[in-house]
Amino acid sequence: MKVAQLLLEFPSAGMMLFVGAIAFATLFVVMGCAGSNDAGGPDDSARPADAQSLSAADLWAQIQSPLTAEENRVLCEQGTERKGTGHYTDHEGKGLYACRACGASLYRSGSKFRSSCGWPAFDDEIDGAVRRLPDPDGRRTEIRCAACDGHLGHVFTGEEYTDTNTRHCVNSISMVFIPADVVAAFETLRARQ
């Protein structure tokens with residue numbers, strides 16, 4: 001029998017096929033098959049470009065562009081990237097890390113260290129750049145960009161990784177790296193805004 005004949009003889013089977021197709025399509029979209037990544041993993045289409053090859057103007061344009069869905073989830077909804085997936089976890093370039101949402105300077109590369117925690121770690125922020133707030137879980141301290149209130153991650157003390165005894169555990173997606181050779185030009189562009 002042809003499908004059309006079956007659907008005419010058994011209309012409820014046709015309705016079941018239609019409902020099943022709608023359910024499958026909905027599941028396909030909800031589970032993120034169209035490039036979104038609600039699990040907090042990397043979304044290669046949203047990965048930062050190689051900052052070493054970008055000008056200050058290119059980096060400023062990147063910051064002025066709208067946040068991706070994943071950047072919004074982390075910066076605006078206090079989400080967290082999946083451990084070990086961030087673009088800057090093992091990054092070792094010289095320069096500074098700026099807030100992805102507003103461009104404010106957050107950390108100097110000299111304060112970055114390997115903590116093996118799965119996220120970029122810094123032992124000191126640029127003065128006045130980061131706000132600390134009690135996390136809703138009551139156990140941790142959340143860190144936010146002081147300029148725009150974007151969620152960065154959490155800060156931990158007493159672990160003795162470095163002499164400062166502080167570890168800022170930061171989501172890569174919350175930051176943009178600014179290479180040392182374009183920092184001055186980048187900060188000039190930001191000051192004009």
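Among the conditions (1) touching a residue at least 40 places away in the same chain (Cβ under 8 Å); (2) in contact with a Leu (Cβ under 6 Å, 6 or more places away or on another chain), the only one that A147 does not satisfy is (2). Restricting the range 110-124 to residues that are within 22 Å of A147 (Cα to Cα) and over 18 Å from the mean Cα position of the chain (by Cα), the residue that is least open to solvent (accessible area, probe 1.4 Å) is S111. May I ask you to list the residues in the range 125-139 that are touching a His at 6+ places or on another chain (Cβ under 8 Å) and loosely packed, with under 15 Cβ neighbours inside 10 Å? If the condition is that a residue be touching a His at 6+ places or on another chain (Cβ under 8 Å) and loosely packed, with under 15 Cβ neighbours inside 10 Å, then D135 is the only one that fits. Selection of the range 35-76 for residues being part of a helix (DSSP H, G or I), open to solvent by 40 Å² or more (accessible area, probe 1.4 Å) and modelled with pLDDT under 95 yields D44, S45, Q52, S53, A57, D58, A61, Q62, Q64. Looking across Y97, Y107, Y88, one residue alone is among the aromatic types (F, W, Y), surrounded by 14 or more Cβ atoms within 10 Å (Cβ to Cβ) and part of a loop (DSSP other than H, G, I, E, B). It is Y88.
Note on the range 156-184: residues that are among the small types (G, A, S) and either surrounded by fewer than 12 Cβ atoms within 10 Å (Cβ to Cβ) or at pLDDT below 95 (or both) total 2. Taking the criterion of being touching a helix residue (DSSP H, G or I) at 6+ places or on another chain (Cβ under 8 Å), of a type in the set (D, E, K, R) and without any contact (Cβ under 8 Å) to a residue 60 or more places away in the chain, the residues of the range 93-132 that qualify are D123, D124, E125.
Do you know which residues across the range 110-122 are more than 17 Å from A180 (Cα to Cα) and outside any strand (DSSP E or B)? Those that are more than 17 Å from A180 (Cα to Cα) and outside any strand (DSSP E or B): R114, S115, S116, C117, G118, W119, P120.
The values are calculated or read from the model by the stated rules, or taken from the named source; none is laboratory data. Being a predicted model, the structure only gives us computed values, none of them experimental. With ideal geometry, Cβ positions are generated from the backbone for all residues, glycine too; neighbour counts draw on all protein chains shown. Protein only, heavy atoms only, side chains kept; ligands, DNA and RNA dropped before computing areas. Shrake-Rupley method; radii C 1.70, N 1.55, O 1.52, S 1.80 Å.
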